[in-house]
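*Asks:* First, the structure itself, so that you have it in front of you.
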Amino acid sequence: MKKSIRPVLGAFLTGAMLLTLWSGGTATAASNIRVLVDNKPVQLSYPAVLDRDRVLVPLRGVVEAMHGAVQWLEADQTAQASLGGRKVWFPIDSTTMGLNLGEGTQWKTIDVPAQIRDGHTMVPLRALSEGLGCNVGWDGATNTVRVTAPSKSDDPTIPGTSGGNDNPDANGNPGTTPSTPTPVDPNTGSVISQSLPVTQTLGNVDVTVVSMEVLATETMFRIRIDNNSTMSTSLLAGMSTMKLSNGKTIKHLGAHMDPNLFGSVEPNNSLEGYIALPGIPTGNSLLLTTQLYGNRQPLVFPIAF
C-alpha cells in the first residue's frame, strides 16, 4: 500500500503546485464564462480570467465586437480602446485607467490591473465596457456577461449628436474642446496634483514621482529612487516619455536631466533628482513612463492635475 500511495500523493502535490503557478495565487481561468455583445457571442482568443471577483477578457476581440478599435502603445506599455467619441487607456500592471469622454482625460482607480497573459492583453471587462459607454449585466445562471453597446444617437461624445463638443456652432464653424490651464502653486511653481506623489514598484525598488513643475518650454519631474534590494540599480532617464491627454507622446531624447540620476543607487540607499522633457502638458492629465536599468518592465505614472 505504501508504494501505491506515494505516486498518487506526488501527482496530487504536483497538480496543486501547477494550479498555484497558473493562478498566480489570485487569478484563475474562467473558460466557462461567456461574453455577449448586443446578444451576439464573442469568440474569445484566450479564456476569460477571474481575478478577485473581476472578469478579465482579451481586449481586441471584445472591442471589435463593439465595432470599436484598439491600439497598443509600445512606449507606454499601454492598451488603448476607442468607440465613437470615447477612449480608454489601460497601462499594463497598473491599478489606474484613463478615460476620455470628449472633454479631456481623467484617471480612475480600478480593482484589478490590465495584464499580459501568454501574449494576450487582458483587461477588466466591466471597466472597459463602462468606460466606452456600454451597459454591462451579469447572468449568474448561465455565467454570461451581457454587454450592450451604445447607439450613436445616445452617445453625446460622437460628432453630430446631441451634447458633443464637436457640434458646429450657430455660424457653422466646427466645435472645439477648450484646453484646461495646468493649475500651478504660485509660491512653489509646482503643479497642483492630487495624484502626486505617485509610486511604482519593481521588485524591491520603489520609484516615486514626487512633484511636477511646468517651465517655459519643458516639464520637470522630481524623481526619488528607494533601493531596498541587495543589488545596485539606476534609472534609464533618457528612455522617459510623456504622453499628453491629446494623445501626443514626447520623448526625452537626451533632454535636460539632473546629473544625480546618471549614477547608480546602492542597496538600501535612496537618490533624488529630476527629469525634464521638452514641451508643456495640455488638458488635465498625462502619463510619464520611464525604466530601470536591466529591467524591460516600464514604470508608468498616471498624473492628473
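The values are calculated or read from the model by the stated rules, or taken from the named source; none is laboratory data. Because the structure is a prediction, the values reported are computed rather than measured. For neighbour counting, all protein chains shown are included, and Cβ atoms are generated from backbone atoms with ideal geometry for every residue, glycine included.
*Asks:* Within the stretch 221-240, which residues are surrounded by fewer than 20 Cβ atoms within 10 Å (Cβ to Cβ) and not in a loop (DSSP other than H, G, I, E, B)?
*Replies:* Listed by number, the residues that qualify are Arg222, Arg224, Asp226, Gly238, Met239.
*Asks:* Applying the selection to the stretch 74-94, what residues are within 13 Å of the chain's Cα centre (by Cα), at pLDDT 85 or above and of a type outside the set (D, E, K, R)?
*Replies:* Hits for the stretch 74-94 are Gln77, Thr78, Ala79, Gln80, Ala81, Val88, Trp89, Phe90, Pro91, Ile92, Ser94.
*Asks:* Another question, if that's okay. Return only the number of the condition from (1) over 24 Å from Ser285 (Cα atoms); (2) modelled with pLDDT under 50; (3) in contact with a strand residue (DSSP E or B) (Cβ under 8 Å, 6 or more places away or on another chain) that Thr157 does not satisfy.
*Replies:* All conditions pass for Thr157, except number (1).
*Asks:* Any idea which of (1) modelled with pLDDT under 90; (2) surrounded by 19 or more Cβ atoms within 10 Å (Cβ to Cβ) is the one Leu128 doesn't satisfy?
*Replies:* (1)
*Asks:* Which of the residues belonging to the stretch 241-254 are assigned to a loop (DSSP other than H, G, I, E, B) and modelled with pLDDT of 75 or more?
*Replies:* Answer for the stretch 241-254, where residues must be assigned to a loop (DSSP other than H, G, I, E, B) and modelled with pLDDT of 75 or more: Ser245, Asn246, Gly247, Lys248.
*Asks:* Any idea which of Gln71, Gln43 is at pLDDT 85 or above, surrounded by 10 or more Cβ atoms within 10 Å (Cβ to Cβ) and farther than 15 Å from Pro124 by Cβ?
*Replies:* Answer to the check: Gln71.
*Asks:* I've got another one for you. Looking only at residues that are closer than 28 Å to Lys87 by Cα and either of a type outside the set (A, V, I, L, M, F, W, C) or at pLDDT below 80 (or both) in the stretch 218-240, which one is farthest from the chain's Cα centre (by Cα)?
*Replies:* Glu218
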